[in-house]
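The values are calculated or read from the model by the stated rules, or taken from the named source; none is laboratory data. For clarity, every value in this text was computed on a predicted model and none was experimentally measured. Heads up, the Cβs are rebuilt from the backbone with ideal geometry, glycines too, and the neighbour counts pull from every protein chain shown.
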């Protein structure tokens, strides 16, 4: 583990803006791994094309591809309008939310990024740890200041409201497979130093089937500085029921950086999505959640699963994000990789000193 830097982002006036802050671009990594999506890579590619199509009227898409051949294949399928920028960077997999740059904005409106250590969700997948080097490879293109916290952290494990709060889970950040040398207080200090927050809000466990050890982006999401949307299972016999009830109770007792309670809005769950077990993964219960949506400029990309609750999820998000069009995308093939839209995307904010727009 590297030593923490003498000058942290917070000490220099940087902080992580909320996801609804205006985007310069969305970063994606083109999918390819048949072990991640057994028998479904072609279907997942179609999901990516739908995501790109929904995004490019409103912002640039920065797309990582392995090589020129892959770029040309993608161009042939999407027309490659000017708002797609291709980057030839070898990657193992597509979870750029977790291994990619974690962008910040500074006191003069400048943009920088954190380069956390990525250890493939607690050393679960040795080959995927190679993607830890992606932010360093992007540094020359980005031309932005890079901070190196020196601890393990994934983008899907943190959620900020842009006005002083970060939401996370004990199951993930306090897990000994991440930073066993750090206490809870020390982890909180890293979050404050490198995200520019003043208050850390802790939920408990993640949903069943989540191999990330409880990432927040399957559970609860800020949609405004004082509004949190949270997943809630309505069937008392479902394995997620008590987990999500506990998180709901915690959220209702929380206050923001100024001591004010949040407005809590509930999202239904899409039932059990799953299949069969393999030698390496239990796929009987996949981590399907409507909370894994992505807020972009003028649109919200929402994973749906062919369940009766899909329409309720669309309506709920449309009500809390009325200035953006909710675009439902069937992500049943994508969730076989153990994540959906938010997990495979990463926002780069526009330069600005306004963190709440």
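Do we find a residue being free of Cβ contacts under 8 Å to residues at least 40 places away in the same chain, surrounded by fewer than 19 Cβ atoms within 10 Å (Cβ to Cβ), in contact with a helix residue (DSSP H, G or I) (Cβ under 7 Å, 6 or more places away or on another chain) and in a loop (DSSP other than H, G, I, E, B) anywhere in region 189-198?
No, region 189-198 contains no residue that is free of Cβ contacts under 8 Å to residues at least 40 places away in the same chain, surrounded by fewer than 19 Cβ atoms within 10 Å (Cβ to Cβ), in contact with a helix residue (DSSP H, G or I) (Cβ under 7 Å, 6 or more places away or on another chain) and in a loop (DSSP other than H, G, I, E, B).
Please state which one of 34, 38 is touching a residue at least 24 places away in the same chain (Cβ under 8 Å), more than 20 Å from the chain's Cα centre (by Cα), surrounded by fewer than 22 Cβ atoms within 10 Å (Cβ to Cβ) and more than 20 Å from residue 102 (Cβ to Cβ). Don't jump to the end; show me each part of the working.
Numbers: 34 fails: touching a residue at least 24 places away in the same chain (Cβ under 8 Å).
Step by step, each of 34, 38 is checked, and only 38 is touching a residue at least 24 places away in the same chain (Cβ under 8 Å), more than 20 Å from the chain's Cα centre (by Cα), surrounded by fewer than 22 Cβ atoms within 10 Å (Cβ to Cβ) and more than 20 Å from residue 102 (Cβ to Cβ).
Restricting to region 337-357, name every residue that is under 16 Å from the mean Cα position of the chain (by Cα), touching a residue at least 60 places away in the same chain (Cβ under 8 Å) and in a loop (DSSP other than H, G, I, E, B).
Of region 337-357, the ones under 16 Å from the mean Cα position of the chain (by Cα) are 337-349.
Within this subset, residues satisfying the condition of being touching a residue at least 60 places away in the same chain (Cβ under 8 Å) are 337-339, 341-349.
Passing the criteria: 337, 338, 339, 341, 345.
Given the criterion crowded, with 16+ Cβ neighbours inside 10 Å and under 15 Å from residue 27 (Cα atoms), identify the matching residue among 84, 151.
Working: 151 fails: under 15 Å from residue 27 (Cα atoms).
After ruling out the rest, the residue left standing is 84.
Criterion applied to 345, 352 was being under 28 Å from residue 164 (Cβ atoms) and at pLDDT below 95, and the one residue passing it is 352.
Of these, 150, 122, which one is outside any helix (DSSP H, G or I) and more than 26 Å from residue 226 (Cβ to Cβ)?
Working: 122 fails: outside any helix (DSSP H, G or I).
The match here is 150.
The listed residues are 273, 314, and the only one of them that is at pLDDT below 95 and either crowded, with 19+ Cβ neighbours inside 10 Å or within 30 Å of residue 59 (Cβ to Cβ) (or both) turns out to be 273.
For beta carbons closer than 7 Å, sequence separation of 6+ or different chains, a first residue in region 247-273 that is part of a loop (DSSP other than H, G, I, E, B) and a second that is at pLDDT below 95, the qualifying pairs are 272/285. Of the residues that make up region 283-304, is at least one out of contact with any strand residue (DSSP E or B) (no Cβ under 9 Å at 6 or more places or on another chain), closer than 20 Å to residue 31 by Cα and either surrounded by fewer than 16 Cβ atoms within 10 Å (Cβ to Cβ) or at pLDDT below 95 (or both)? Checked region 283-304: at least one residue is out of contact with any strand residue (DSSP E or B) (no Cβ under 9 Å at 6 or more places or on another chain), closer than 20 Å to residue 31 by Cα and either surrounded by fewer than 16 Cβ atoms within 10 Å (Cβ to Cβ) or at pLDDT below 95 (or both). One residue alone among 203, 244, 167 is free of Cβ contacts under 8 Å to residues at least 40 places away in the same chain, surrounded by 19 or more Cβ atoms within 10 Å (Cβ to Cβ) and under 15 Å from residue 291 (Cα atoms), and that residue is 244.
Total residues in region 337-353 satisfying the condition of being farther than 29 Å from residue 271 by Cβ and in contact with a helix residue (DSSP H, G or I) (Cβ under 7 Å, 6 or more places away or on another chain): the figure is 0.
Residues 334, 317: which one is in contact (Cβ under 8 Å) with a residue 60 or more places away in the chain, in contact with a helix residue (DSSP H, G or I) (Cβ under 6 Å, 6 or more places away or on another chain) and part of a helix (DSSP H, G or I)?
Testing whether each residue is in contact (Cβ under 8 Å) with a residue 60 or more places away in the chain, in contact with a helix residue (DSSP H, G or I) (Cβ under 6 Å, 6 or more places away or on another chain) and part of a helix (DSSP H, G or I) leaves just 334.
Looking at region 54-75, which of its residues are in a helix (DSSP H, G or I) and surrounded by 15 or more Cβ atoms within 10 Å (Cβ to Cβ)? Break it down stepwise before answering.
Taking region 54-75 and keeping what is in a helix (DSSP H, G or I), we get 54-55, 68-75.
Within region 54-75, 54, 55, 70, 71, 74 qualify.
Residues in region 218-244 that are farther than 25 Å from residue 331 by Cβ and in a helix (DSSP H, G or I): 242 only.
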